[in-house]
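Notes to accompany the following structure.
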Amino acid sequence: MLETVILIVAGLAAGLLSGTVGFGGSMILLPAITSLHGIETAVPMATVAQLLSNIFRMGAGFRSIRWRKVGFFLILALPLTVVGAYGFVVVPKELMTRILCILLTLFALLDLSERFRLPRSRWTMLAGGGISGIINGLLCLSGPISSAVFLTLGLSPVAYIASEAASAVVMHVVQLIMYGEFGLLEQMVIADGLYLGAAMVTGNFIAMKFIRDIRRKIYRRIVAAVMIVCSVWLFLTV
């Protein structure tokens with residue numbers, strides 16, 4: 001019972017965060033689930049929850065989705081998600097997670113200093129999709145990368161979150177198919193993932209009520225700051 005409460009609270013917090021800044025859900029979920037079940041269970045379970053959360057965010061801003069950009073992003077994201085999911089079985093996960101956290105923190109610091117910006121181009125979408133696919137398959141942590149890529153489009157907060165969520169839904173479906181092939185989707189993983197997903201959707205619903213009128217420049221700074229905090233938290237707890 002206590003374990004279920006912990007997961008629901010973590011899911012609600014993850015939903016509030018991801019619904020506000022478009023990512024960060026897994027950075028809360030992974031430490032919480034890992035402390036209870038280990039990283040081998042945490043990644044597939046977080047993927048189930050993230051799928052439900054991203055379906056909700058995609059639906060909430062469906063009319064604002066930039067489908068052409070999403071499609072271009074997925075050209076490399078889909079095949080490399082398959083490669084990443086295979087790598088999840090053989091790569092040292094704790095080491096990969098810590099390396100990723102360091103890179104994300106450095107990227108966010110550069111973004112806050114306004115000395116570095118990803119160029120707005122098709123190549124950014126294509127390369128960003130490939131990197132996101134690999135990381136998503138490995139650790140279900142592609143949100144910060146894909147969010148940084150979609151932020152280059154200069155979209156409104158709702159369009160940005162819905163478009164990024166649409167790409168994530170497709171990647172999560174591919175992930176789950178691959179995890180199922182490797183025998184990682186046990187009944188407990190799916191059941192607890194659904195609990196987490198329902199809690200995340202509740203958090204998403206609350207959060208998305210408050211982001212429609214946020215100024216884009218301020219919003220971008222909030223996203224970068226959250227990326228730093230989440231990366232440090234995950235680095236220390238994984």
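The values are calculated or read from the model by the stated rules, or taken from the named source; none is laboratory data. All figures in this text were calculated on a predicted structure; none of them were measured in a lab. Cβ: placed from backbone, ideal geometry, glycine included. Neighbour counts: every protein chain shown.
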Handout entry: Selection status of Ile8, surrounded by fewer than 24 Cβ atoms within 10 Å (Cβ to Cβ), within 25 Å of Val232 (Cβ to Cβ), touching a residue at least 40 places away in the same chain (Cβ under 8 Å) and hydrophobic (A, V, I, L, M, F, W, C)
Key = yes
Handout entry: Top-ranked residue in segment 205-238 [being under 18 Å from Met45 (Cα atoms) and crowded, with 18+ Cβ neighbours inside 10 Å; ranked as modelled with the highest pLDDT]
Key = Leu234
Exercise for the section: Could you check how many residues of segment 57-101 are under 23 Å from Leu17 (Cβ atoms), of a type in the set (A, V, I, L, M, F, W, C) and modelled with pLDDT of 90 or more? Expected result: 6
Practice task
Would you check which residues across segment 30-86 are surrounded by 21 or more Cβ atoms within 10 Å (Cβ to Cβ) and polar (S, T, N, Q) and list them?
Solution key: Thr34, Thr47, Gln50, Ser53, Asn54, Thr81
Fill in the blank from the handout: Pairs returned, first residue in segment 168-184 that is farther than 14 Å from Ile134 by Cα and touching a residue at least 40 places away in the same chain (Cβ under 8 Å), second residue that is part of a helix (DSSP H, G or I) and of a type in the set (Asp, Glu), beta-carbon separation under 8 angstrom, 6 or more apart or interchain, are Leu184/Glu40
